[in-house]
């Protein structure tokens with residue numbers, strides 16, 4: 001029965017898209033974004049700089065010089081990041097990048113308008129919207145760890161009596177592009193942080209007694225021997241701050257690894273049997289962090305509440 005369970009869960013393991021828990025901060029390269037639609041090179045540069053700024057402003061990440069990263073990709077006649085990641089992997093690794101964060105603009109909507117308001121005053125505005133795909137790859141094997149599509153917006157309006165009203169609406173494009181790019185910085189930071197949320201996740205319950213969970217099965221994306229170690233289980237509580245969805249890790253239980261079979265860990269629950277039962281019943285994701293394997297950057301992420 002145990003063999004069958006592990007065989008079935010191995011399929012789940014193949015689909016896990018989380019990075020290895022490691023003792024040092026992950027080093028990430030962020031080349032200039034690419035686009036599937038017509039867009040000015042300066043706009044792509046703004047987006048890439050904003051993503052880089054989002055990670056550089058946050059402790060816990062190390063970044064590769066983007067100009068050096070760009071030199072690898074722009075040496076090609078056509079920039080297609082995913083295609084060249086495998087063939088240029090040695091060059092990218094030589095720059096020190098463990099991971100590479102790629103951005104691709106899938107859609108760009110620009111709408112300039114001129115109209116007369118209800119007060120009779122002429123007005124001008126320009127509205128910008130981006131749809132961007134962020135992808136994080138592990139350089140050593142070119143595996144895609146995580147991908148997410150995000151949206152960015154920028155908007156500006158002026159009216160008669162303001163100096164900007166004498167300018168054509170197109171003159172505001174640079175301003176709304178910078179505004180939209182600024183919105184990308186916190187999005188890129190949370191995207192990267194979530195990609196490194198942890199190295200263990202609860203995938204099954206082995207034993208239950210009443211409304212108490214007494215034994216659980218964890219899966220680990222690291223090859224460390226956790227036998228005998230104690231692990232703390234968490235789930236996330238989500239909340240809004242200025243329109244941004246953030247998460248606060250909530251401790252659930254303490255468990256101890258009783259047996260380890262490759263990346264599968266059979267664990268006995270020491271504390272929190274009811275908390276695990278309730279969280280599982282409510283459909284919450286439950287992940288574990290070993291006290292002996294905690295990395296400094298993961299602890300910082302949890303303290304700051306930027307994991308979502």
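For the reader, a short list of remarks on this structure follows.
- Test for residue 91: is it touching a helix residue (DSSP H, G or I) at 6+ places or on another chain (Cβ under 7 Å) and not in a strand (DSSP E or B): yes
- Residues (exposed (fewer than 14 other Cβ atoms within 10 Å of the Cβ) and under 20 Å from residue 191 (Cα atoms)) located in the range 145-176: 149, 151, 153
- Within the range 97-113, if we keep just the residues that are surrounded by fewer than 12 Cβ atoms within 10 Å (Cβ to Cβ) and over 30 Å from residue 144 (Cβ atoms), the residue that is modelled with the highest pLDDT turns out to be 111.
Conditions (1) modelled with pLDDT under 85; (2) in a loop (DSSP other than H, G, I, E, B); (3) touching a helix residue (DSSP H, G or I) at 6+ places or on another chain (Cβ under 9 Å); (4) assigned by TED's automatic domain parsing to the domain that holds residue 137, marked per residue:
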residue: 32; (1), (2), (3), (4): no, yes, yes, yes
residue: 38; (1), (2), (3), (4): no, yes, no, yes
residue: 42; (1), (2), (3), (4): no, no, yes, yes
residue: 46; (1), (2), (3), (4): no, no, yes, yes
residue: 51; (1), (2), (3), (4): no, no, yes, yes
residue: 60; (1), (2), (3), (4): yes, yes, yes, yes
residue: 68; (1), (2), (3), (4): no, no, no, yes
residue: 72; (1), (2), (3), (4): yes, no, yes, yes
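- On the stretch given as the range 136-171, residues that are modelled with pLDDT of 80 or more and closer than 19 Å to residue 122 by Cβ total 5.
- Of all residues assigned to the range 195-213, at least one qualifies as being crowded, with 18+ Cβ neighbours inside 10 Å, at pLDDT 90 or above and farther than 30 Å from residue 39 by Cα.
- Strands (runs of 3 or more DSSP E) fully within the range 111-214 that include at least 2 residues being more than 30 Å from residue 265 (Cβ to Cβ): 122-138, 143-159.
- Some residue of the range 285-296 being assigned by TED's automatic domain parsing to the domain that holds residue 202, loosely packed, with under 15 Cβ neighbours inside 10 Å and at pLDDT 70 or above: yes
The values are calculated or read from the model by the stated rules, or taken from the named source; none is laboratory data. Worth saying up front: this structure is predicted, and the values here are computed from it rather than measured. Here Cβ is always computed from backbone atoms with ideal geometry, including for glycine, and neighbour counts include all displayed protein chains.
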